[in-house]
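The values are calculated or read from the model by the stated rules, or taken from the named source; none is laboratory data. The structure presented is a predicted model; accordingly, all values stated were derived computationally and were not measured. So basically every Cβ, Gly included, is an ideal-geometry build from the backbone, and we count neighbours across all protein chains shown.
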Amino acid sequence: MESTKKSSLIVPVRPGWDEFFLDLAGKYSRRGTCFRRQYGAFIVDREKRPVSAGYCGAPSGVDNCLEVGYCYRHENDIPAGMAYEKCVSCHAEVNAVLFADDRSRLKDSTLYLAGWDVQKGAATASPPCINCLKVIIQMKIGKVVLLPDEITIRELSQGMKIGKVIPLSDERMIREISLDEMIDKLSKRNFDYPY
């Protein structure tokens, strides 16, 4: 017997996998300890089961920038994407790899990366830096998924400021970087950033 009450039910909006995992990466980013940018990484295996997560922050036992009250890189006018050896933080991608309980599950996994520019108060879509790229390649992570470009980021940031939900099912809202693309970039000695 069919229910007559079915038509009165409110149907919940269920996010797609990319939207869901990018949202989780974004939530992890909020734990970041950088004055400039907060990044979060969320890794899932081929079956979309969580493997690990991480955010940008100082190594355990080291005072982070928020605790000491300044950013060395900012104080010394070091541009974004350069001279990472002069930063106390470990990037979200590396922390997610380091904290994976079973690193064998990283092979062919997907790393979701979400960032927030603290000073601009806006989402940011920078791909993994060259150092993180090397770790991702070494662990054979199958692809990185992030938001694609500044136009989309502006739209997303404006929506976030006014509490508007922008579905990520729109193809222009997702950027994927495959393992082959990452290997090709380094094989060609292409160190341009961002890419």
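Points to keep in mind about this one:
- Search result, residues across region 22-69 that are touching a Lys or Arg at 6+ places or on another chain (Cβ under 8 Å) and in a strand (DSSP E or B): Q38, G40, V51, Y55, G57
- Residues in region 8-21 that are in a helix (DSSP H, G or I) and without any contact (Cβ under 8 Å) to a residue 60 or more places away in the chain: S8, W17, F20.
- Entry remark, region 40-78: residues being farther than 30 Å from E19 by Cα, small (G, A, S) and surrounded by 13 or more Cβ atoms within 10 Å (Cβ to Cβ) number 0 in total.
- Any chance A25 is hydrophobic (A, V, I, L, M, F, W, C), buried (at least 21 other Cβ atoms within 10 Å of the Cβ) and touching an Asp or Glu at 6+ places or on another chain (Cβ under 7 Å): no
- Residue within region 37-50 that is aliphatic (A, V, I, L, M), touching a residue at least 60 places away in the same chain (Cβ under 8 Å) and within 15 Å of C129 (Cα to Cα) present: yes
- In summary, helices (runs of 4 or more DSSP H) completely within region 94-195 and bearing 2 or more residues that are buried (at least 17 other Cβ atoms within 10 Å of the Cβ) and modelled with pLDDT under 90 occur at 150-161.
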